[in-house]
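Report on the following structure.
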């Protein structure tokens, strides 16, 4: 009888019974042999022993039917006939005598009892170890679950914190963008308003300063706001207005205006003098041209056609001369007006601001640039009626011609030259030097030769002298 | 995207600084520089972020599943890496090709020529070619799905000497294309890095706060001075 058969016997089953029947029988025996059902302590002790046997038997069979128990469908040790004959006898005796259920009157040998106790202790130890292992596994599983849960919670919290952080960053960023744009708009509007206020203040200030200030001597108090009598614009009378700064500003403005006016006046005088100089040069040029034309017209050797052309040229020159005189007169009047004098008070000095002169007080320094600032406008000014021409300055021909009246003819000039009372020494010396002296030619009053002869002689002399001054006396 | 960010940043810098200096803080013509610079950084940052994520996705492509058993896929990719060569016969140096670990480690080192423009003034500008080193490290990981398909993942780590940070890009794209041509078109298993613009980082937020304070102080000075 092997151990499996013993177990079957303990459970009161036939060898080879299935695991299902074993479990059914085991549950029933457990219920029957439960120590709490024992009527007395002795019975209870006995029931405990029986229960241990039942548990051992059940464990043996469970192990046999387990995965590694080696149970086979045929020829297995648990089936009947697999053990020894003694076992079979014992099984039969066991099955006949010790059936399932409490048998308090059955007697056992000491050896059997000892073996059963040892087996029961062993099974108890195994069961306890298994239960301990299961408890440890459960505890580990619980710890693992707790750790996993904690990690999950931490991850969730971290994710939540990250989301909150990202949301906060978005909010701050949007706030910063809005603040940036709002600051730009505010700055633009505030600067615009500030500039508008300054512009309006400036306009009002200009209007107030251009209008005549009220008479502060009669109006003492409200308008001025001060006892000094200085006019103060109304917007400076408000609390905080500074009278001294206003007066200083007003004085500075007046000074600048005065300097500007003076500068403009000096400039006008300077340009007027330039204009006078220009007209004088025109007049001089016209006079010289007219003199030359008169000489050519008076020449009998020139054809009538050429004379007509020369007359047209003379008329044109006379027209230019008249225009030059008119312009000179207007310029002199303008200069007199600028200098505060009447035109008759202007001194007869022919002084050019460009060329300068040694015949009077120069309007500008002789060594100065033509574009240098004008000299003192109160100096001696020009009088067109008494302005000497270039002839006067250069050749001393005072009495030869007066440009303002008419162009004298050559005969008149010659007569004047011949008259010692009218000819100045300088004029005579000029002609003597230039043409070798007209005395050698003839004297108009005494000679019987005609003017044409004189001109022929003059021309021959002129050809001999290759000087350019012969064509432009 | 980075070029767009740079261009847009320059434009915003000029616009904001010019407007702030001319229209608001007129006497102080440099007051708009800092707000303009910070505004430019704010505008350019999303483009730089997008460019960075795109670059990451390029160097670390999404794993793809190929309809090839893992042994064949491993062998084919190993062959490709061994066979392929570049300009002057440069080849991949395979340091690890472990079937059990299912990964391949290889590196490619080669020398390249880079043209540099030099000169101290406009009359002295000239170009100079210099040789620079390139190093591209690659890691290929394989995963068996059990259905006679293989998931292959590439990771590239370029190290470039010089200014041309994109010097190894053609090698990366060429290798990936060649693998796809050999193993067939694969299906992506995973999601690439998201190019969605996240919240601005704290350093950018701080910089923006600095710009707002600077602009505010300049405006207040200009308005209430």
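Key figures
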| read-out | value |
| --- | --- |
| Test: residue in the range A:184-205 that is surrounded by 10 or more Cβ atoms within 10 Å (Cβ to Cβ), modelled with pLDDT under 90 and not in a helix (DSSP H, G or I) | no |
| Subset tally (residues that are at the interface with chain A (Cβ under 10 Å from one of its Cβ atoms) and in a helix (DSSP H, G or I)) for the range B:176-209 | 7 |
| Residue match in the range B:140-147 (condition: under 23 Å from residue B:51 (Cβ atoms) and surrounded by 14 or more Cβ atoms within 10 Å (Cβ to Cβ)) | no |
| Of the criteria (1) modelled with pLDDT of 90 or more; (2) farther than 24 Å from residue B:137 by Cα, which one residue B:77 fails | (2) |
| The range B:116-135 residues that are without any contact (Cβ under 8 Å) to a residue 24 or more places away in the chain, paired with ones that are in a helix (DSSP H, G or I) (beta carbon under 9 Å, 6 or more apart) | B:118/B:124 |
| Residue list for the range A:172-209, restricted to those being in contact with a helix residue (DSSP H, G or I) (Cβ under 8 Å, 6 or more places away or on another chain) and more than 10 Å from chain B (Cβ to nearest Cβ) | A:201, A:204, A:205, A:208, A:209 |
| Residue ID - farthest from the chain's Cα centre (by Cα), chosen from residues in the range B:213-224 that are at the interface with another protein chain (Cβ under 9 Å from one of its Cβ atoms) and touching a residue at least 60 places away in the same chain (Cβ under 8 Å) | B:222 |
| Residue check, residue B:173 at pLDDT below 90 and either within 14 Å of chain A (Cβ to nearest Cβ) or loosely packed, with under 14 Cβ neighbours inside 10 Å (or both) | no |
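Results for (1) away from chain A (no Cβ under 12 Å); (2) in contact with a strand residue (DSSP E or B) (Cβ under 6 Å, 6 or more places away or on another chain); (3) surrounded by 15 or more Cβ atoms within 10 Å (Cβ to Cβ); (4) closer than 30 Å to residue B:138 by Cβ, shown as yes or no for each residue.
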site	(1), (2), (3), (4)
B:3	yes, no, no, yes
B:12	no, no, yes, no
B:20	no, no, yes, no
B:29	yes, no, no, no
B:38	no, no, yes, no
B:41	yes, no, yes, no
B:44	yes, no, yes, no
B:52	yes, no, no, yes
B:59	yes, yes, yes, yes
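The values are calculated or read from the model by the stated rules, or taken from the named source; none is laboratory data. Here the structure is a predicted model, which is why all the values come from computation and not from measurement. Backbone-built Cβ (ideal geometry, glycine too); neighbour counts: all protein chains shown.
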